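In what follows, a structure is listed as structure tokens, so that the remarks can point back to it.
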Amino acid sequence: MIMTKRILISGGAGFLGANLCRKLLAQGHAIVCLDNFRTGAQRNIADLLGHPRFTLLQQDVSEPVTLAVDQIYNLACPASPVHYQADPIATFKTSVLGAINMLDLARRLDVPVLQASTSEVYGDPHIHPQPEGYWGNVNPIGPRACYDEGKRSAETLFFDYHRQHGVAIKVARIFNTYGPGMHPADGRVVANFIVQALQGDAITLYGDGRQTRSFCYVDDLLDGLVMLMNSGPEVTGPVNLGNPTEFTMRELAAQVIALTRSRSRLVQRPLPIDDPRQRRPDISLAMHSLGWSPRVELDAGLRQTIAYFEAMLADTAIPA
Ligand code: NAD
Ligand code: UDP
């Protein structure tokens, strides 16, 4: 039997956060969702607002928070390059001050805190696939640095609070994750390609499309996050969570076009500055320490995501 807990999810109105709220509510837990709606949407959690075990706290994670919970998931931070670069200073503050506030709360309450870190800590990697022991190749002054260095600094803080104050930390390095619940204007590649294909618009391939990513379906990723949170205290991470099957962006575009039976054509756009050439997780540590590995292949995950966007686009004009 699962012991029910009161769980804080910062960034709980975002893509991963709203899906995590639903998963943990379904397990019987009470959820406090903290979000300032920078990239999250009321629509994502509209169905949860009347739930007796769901509380919304509209607040910036950069501000200190006082409440009593048994676990903390720190997901608050815009994750799509277009959104995190729109206000880079706010992005950096969110990562760093958000980490400090969540760690201070975890320390006061003596509860575990999980950090949603990222494969971006590896930057444009020279080691492939990326194991956790690789220190990465990040440009500290480029347009992606507000996110990459913000997340690297947050990891530093997590390990310092662990060593200095004994805080129970769990650091997950999340690789590109997609699925139902993404905002149609999210700006990340899976959302862009599917929405473009469904609307018959040109599919925007950045650069030559030979850069790679490894895409994890949201349900797999959330299983990994929850397993990490509930693992023994010796498992602090950082641990890679992602699907190790790697695709070029050109292959992804072809698959989306085939699955949507779209007549959209590819159009090339400039490759964004510092766009990593390749990315694939080494998930040996997650397999051995958590017994976790992803199950949903890209084809099956894309079908679910396409069905979700199809229903949304049929229902409404794209919400802002
Ligand atoms: P998202 O943009 O959909 O969600 C982020 C949420 O955080 C939004 O609801 C947003 O409003 C909220 N937020 C942003 N700044 C805030 C602030 N200052 N105070 C309070 N709330 C704030 O992104 P996502 O894909 O759901 O990502 C969730 C977390 O997982 C992020 O920390 C992201 O860095 C991390 N992550 C995601 C991926 C992925 O592929 N989805 C990969 C690596 C890491
Ligand atoms: N990309 C693309 N077309 C788009 C959006 C993104 O070709 O419309 C590329 C982008 O240049 C990158 C990859 O897809 O190489 C993944 O981009 P995304 O923004 O999803 O996430 P990233 O892994 O770069 O943070």
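Every condition in (1) in contact (Cβ under 8 Å) with a residue 60 or more places away in the chain; (2) surrounded by fewer than 21 Cβ atoms within 10 Å (Cβ to Cβ) holds for Asn243 except the one numbered (2). The one condition from (1) touching a His at 6+ places or on another chain (Cβ under 9 Å); (2) within 12 Å of ligand 1 (Cβ to nearest atom) that Leu56 does not meet is (1). Output the residues belonging to the range 291-320 that are modelled with pLDDT under 95 and outside any helix (DSSP H, G or I). Residues satisfying the conditions are Thr316, Ala317, Ile318, Pro319, Ala320.
Looking only at residues in the range 190-208 that are of a type in the set (A, V, I, L, M) and closer than 13 Å to Ala254 by Cα, which one is farthest from the chain's Cα centre (by Cα)?
Ala202
Please work out which residue is farthest from ligand 1 (Cβ to nearest atom), limiting yourself to the range 151-204 and to residues that are charged (D, E, K, R) and touching a Ser or Thr at 6+ places or on another chain (Cβ under 7 Å).
Pass one, the range 151-204, residues charged (D, E, K, R): 151-152, 155, 160, 163, 170, 173, 186, 188, 201.
Filter again for touching a Ser or Thr at 6+ places or on another chain (Cβ under 7 Å), leaving 151, 155, 170, 173, 186, 188, 201.
Details: Lys151: 7, Glu155: 12, Lys170: 13, Arg173: 8, Asp186: 7, Arg188: 7, Asp201: 22 Å.
This residue is Asp201.
For Gly224, indicate whether it is surrounded by fewer than 15 Cβ atoms within 10 Å (Cβ to Cβ) and either modelled with pLDDT of 95 or more or within 30 Å of Leu114 (Cβ to Cβ) (or both). Walk me through it before giving the result.
Working: surrounded by fewer than 15 Cβ atoms within 10 Å (Cβ to Cβ): no; either modelled with pLDDT of 95 or more or within 30 Å of Leu114 (Cβ to Cβ) (or both): yes.
Against the criterion (surrounded by fewer than 15 Cβ atoms within 10 Å (Cβ to Cβ) and either modelled with pLDDT of 95 or more or within 30 Å of Leu114 (Cβ to Cβ) (or both)), Gly224 does not qualify.
For the range 1-33, residues that are in a loop (DSSP other than H, G, I, E, B) and under 18 Å from the mean Cα position of the chain (by Cα) total 4.
The range 192-277 holds strands (runs of 3 or more DSSP E) entirely within its bounds, and those carrying 2 or more residues that are under 15 Å from Asn176 (Cβ atoms) and not charged (D, E, K, R) map to 212-214, 239-241, 246-248.
Here's the yes/no breakdown for (1) more than 11 Å from ligand 1 (Cβ to nearest atom); (2) within 29 Å of Ile283 (Cβ to Cβ):
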{"position": "Ile31", "(1), (2)": "yes, yes"}
{"position": "Asp60", "(1), (2)": "no, no"}
{"position": "Gln71", "(1), (2)": "yes, yes"}
{"position": "His83", "(1), (2)": "no, yes"}
{"position": "Leu97", "(1), (2)": "no, no"}
{"position": "Leu103", "(1), (2)": "yes, yes"}
{"position": "Arg108", "(1), (2)": "yes, no"}
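Considering the range 34-135, the qualifying helices (runs of 4 or more DSSP H), each wholly inside and each with 1 or more residues that are at negative phi and within 16 Å of ligand 2 (Cβ to nearest atom), run over 81-86, 88-109.
The residue of the range 33-86 that is surrounded by the fewest Cβ atoms within 10 Å (Cβ to Cβ), among those that are touching a residue at least 40 places away in the same chain (Cβ under 8 Å) and among the hydroxyl-bearing types (Ser, Thr, Tyr), is Ser80.
Right, Ile9: crowded, with 18+ Cβ neighbours inside 10 Å and more than 22 Å from Asn176 (Cβ to Cβ) or not?
Values: crowded, with 18+ Cβ neighbours inside 10 Å: yes; more than 22 Å from Asn176 (Cβ to Cβ): no.
Against the criterion (crowded, with 18+ Cβ neighbours inside 10 Å and more than 22 Å from Asn176 (Cβ to Cβ)), Ile9 does not qualify.
Go through Lys151, Lys170 for me and flag whichever is part of a strand (DSSP E or B) and crowded, with 18+ Cβ neighbours inside 10 Å. Give the derivation first.
Numbers: Lys151 fails: part of a strand (DSSP E or B).
Unique residue meeting the criteria: Lys170.
The values are calculated or read from the model by the stated rules, or taken from the named source; none is laboratory data. This one's a predicted model, so the numbers in the text were calculated from it and none came from an experiment. Don't worry about glycine lacking a Cβ; one is built from the backbone with ideal geometry, like all the others, and counts go over all protein chains shown.
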